[in-house]
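Heads up, the thing below is written out as structure tokens.
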Amino acid sequence: MKKIALLFSCFILLLACGKSQDEKAQTKLDAAIEAFKEGNYSQAKIEIDSIKILYPKAFKARREGIGLMQEVELKEQEVSLNYLDSLEAIKRYELDSIKGQYTFEKNEEYQDIGNYFWPTQTVERNIHRTFLRFQVNERGVFTMTSFFCENYAINHHTIKITAPDGSFAETPMSQDTYQTTNLGTKIEQADFKKGEDGGVLDFIYLNADKTLRVAYIGDKTFNTTILPSDKKALVGIYDLAQILASLEQIRVKKEEANLKIRFVKEKMEQRKEKEQMKNN
């Protein structure tokens with residue numbers, strides 16, 4: 001009997017000495033608050049999530065954790081926006097420093113987005129010429145257009161670029177082609193966007209210092225050489241496209257961050273209103 005009483009006393013003592021679920025949950029919450037203050041937002045979220053998993057009945061700590069999680073998410077997006085603003089300023093400086101080299105075209109009546117060309121490749125300077133033209137729009141969409149202008153048609157839809165060592169890149173069949181006739185000249189064109197060009201644009205850029213052969217492939221194949229001026233145009237547009245594409249990515253990420261901020265603020269306001277109603 002004495003032995004049982006002793007064991008029972010030890011059990012009571014252990015319960016008295018051990019922390020309660022609420023106390024353990026509060027320890028996690030305190031750790032989350034400290035991580036938040038230090039700017040370690042990932043760790044703060046881990047600590048908050050662990051409260052729900054380890055101490056599901058610690059309702060007070062869980063409620064406070066929800067509020068803290070909203071503050072963490074809000075701060076994360078604000079920090080992200082500050083970083084994106086800084087990065088955008090750098091990219092805009094890079095854009096401003098080179099965009100004067102390019103010809104910008106935009107018809108305000110029917111175009112929402114304008115296009116940049118290399119000056120030697122504007123339409124009026126290349127009438128009835130067989131060549132590859134490169135352009136990039138304001139959103140960073142980089143496009144190659146193959147023009148075939150002869151007194152016969154080949155119905156081309158594919159472009160293949162070959163370097164002196166035999167290496168090559170080839171587009172898939174274009175899904176955007178156009179044909180017409182002007183004063184007896186057959187004019188064909190096919191568009192290829194970067195990312196859907198079979199790596200042709202990258203291949204020309206990396207081999208711009210070499211003599212490159214270009215094959216216009218259709219019902220027949222027409223072979224020619226890319227002129228140095230056209231390779232220079234590709235390099236110039238390629239460099240501009242990288243900056244514009246970066247700016248577009250930043251714009252999209254900023255929109256996403258602002259949407260998340262609005263969402264979190266709405267949740268915080270709803271939570272605040274619920275607490276006020278509960279207290280009243």
Revision key, fill the gap. Across the range 138-159, the tally of residues that are surrounded by fewer than 18 Cβ atoms within 10 Å (Cβ to Cβ) and under 21 Å from the mean Cα position of the chain (by Cα) stands at 3
Exercise for review: Tell me, yes or no, whether the range 213-223 has at least one residue that is in contact with a Ser or Thr (Cβ under 6 Å, 6 or more places away or on another chain), in a strand (DSSP E or B), over 27 Å from Y102 (Cα atoms) and not assigned by TED's automatic domain parsing to the domain that holds K75.
Suggested key: yes
Study note, to complete from the structure: Restricting the range 33-62 to residues that are surrounded by 14 or more Cβ atoms within 10 Å (Cβ to Cβ) and charged (D, E, K, R), the one nearest to L259 (Cα to Cα) turns out to be K45
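Any residue in the range 224-233 that is assigned by TED's automatic domain parsing to the domain that holds G140, among the basic types (K, R), within 25 Å of the chain's Cα centre (by Cα) and closer than 19 Å to N137 by Cα?
No: zero hits.
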**Study point:** Residue check for H128: in contact (Cβ under 8 Å) with a residue 40 or more places away in the chain, surrounded by fewer than 14 Cβ atoms within 10 Å (Cβ to Cβ) and in the same structural domain as G199 (by TED's automatic domain parsing)
**Key:** yes
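Could you look through the range 185-208, keep only residues that are in contact (Cβ under 8 Å) with a residue 12 or more places away in the chain and assigned to a loop (DSSP other than H, G, I, E, B), and pick out the one that is surrounded by the fewest Cβ atoms within 10 Å (Cβ to Cβ)? First the steps, then the outcome.
Filtering the range 185-208 for residues in contact (Cβ under 8 Å) with a residue 12 or more places away in the chain gives 185-194, 196-205, 207-208.
Now restrict to residues that are assigned to a loop (DSSP other than H, G, I, E, B): 194, 196-199, 207-208.
Working: K194: 19, E196: 13, D197: 22, G198: 18, G199: 15, N207: 20, A208: 16.
Looking at residues that are in contact (Cβ under 8 Å) with a residue 12 or more places away in the chain and assigned to a loop (DSSP other than H, G, I, E, B), I get E196.
Given T162, T143, T158, which one is within 11 Å of D191 (Cβ to Cβ) and either modelled with pLDDT of 95 or more or among the small types (G, A, S) (or both)?
Working: T162 fails: within 11 Å of D191 (Cβ to Cβ); T158 fails: within 11 Å of D191 (Cβ to Cβ).
Sole residue among the options that is within 11 Å of D191 (Cβ to Cβ) and either modelled with pLDDT of 95 or more or among the small types (G, A, S) (or both): T143.
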Practice item. Would you check which residues across the range 74-119 are surrounded by fewer than 16 Cβ atoms within 10 Å (Cβ to Cβ), touching a residue at least 40 places away in the same chain (Cβ under 8 Å) and more than 21 Å from the chain's Cα centre (by Cα) and list them? Key: I98, K99, Q101
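Confirm whether Q121 is within 27 Å of T180 (Cβ to Cβ), modelled with pLDDT of 95 or more, touching a strand residue (DSSP E or B) at 6+ places or on another chain (Cβ under 9 Å) and not aliphatic (A, V, I, L, M). Reasoning before the result, please.
Details: within 27 Å of T180 (Cβ to Cβ): yes; modelled with pLDDT of 95 or more: yes; touching a strand residue (DSSP E or B) at 6+ places or on another chain (Cβ under 9 Å): yes; not aliphatic (A, V, I, L, M): yes.
For Q121, the condition - within 27 Å of T180 (Cβ to Cβ), modelled with pLDDT of 95 or more, touching a strand residue (DSSP E or B) at 6+ places or on another chain (Cβ under 9 Å) and not aliphatic (A, V, I, L, M) - is met.
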Revision key, fill the gap. Residue set L74, L15; condition modelled with pLDDT under 90, among the aliphatic types (A, V, I, L, M) and assigned to a helix (DSSP H, G or I); output residue L15
Review point. Taking interchain pairs and intrachain pairs at least six residues apart, which have beta carbon atoms under 7 angstrom, with the first residue in the range 251-280 and over 25 Å from R92 (Cβ atoms) and the second among the polar types (S, T, N, Q)?
Key: V264/Q70; K267/Q70; M268/Q70
Study note, to complete from the structure: In the range 224-241, anything surrounded by fewer than 16 Cβ atoms within 10 Å (Cβ to Cβ) and outside any helix (DSSP H, G or I) is listed as T224, T225, L227
Revision key, fill the gap. The condition of being touching a Pro at 6+ places or on another chain (Cβ under 7 Å) and in the same structural domain as Q242 (by TED's automatic domain parsing) holds, among G114, G198, only for G198
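The values are calculated or read from the model by the stated rules, or taken from the named source; none is laboratory data. It should be emphasised that the depicted structure is a prediction, and the values quoted were computed from it without experimental measurement. Cβ coordinates were reconstructed from backbone atoms using ideal geometry, including for glycine residues, and neighbour counts include every protein chain displayed.
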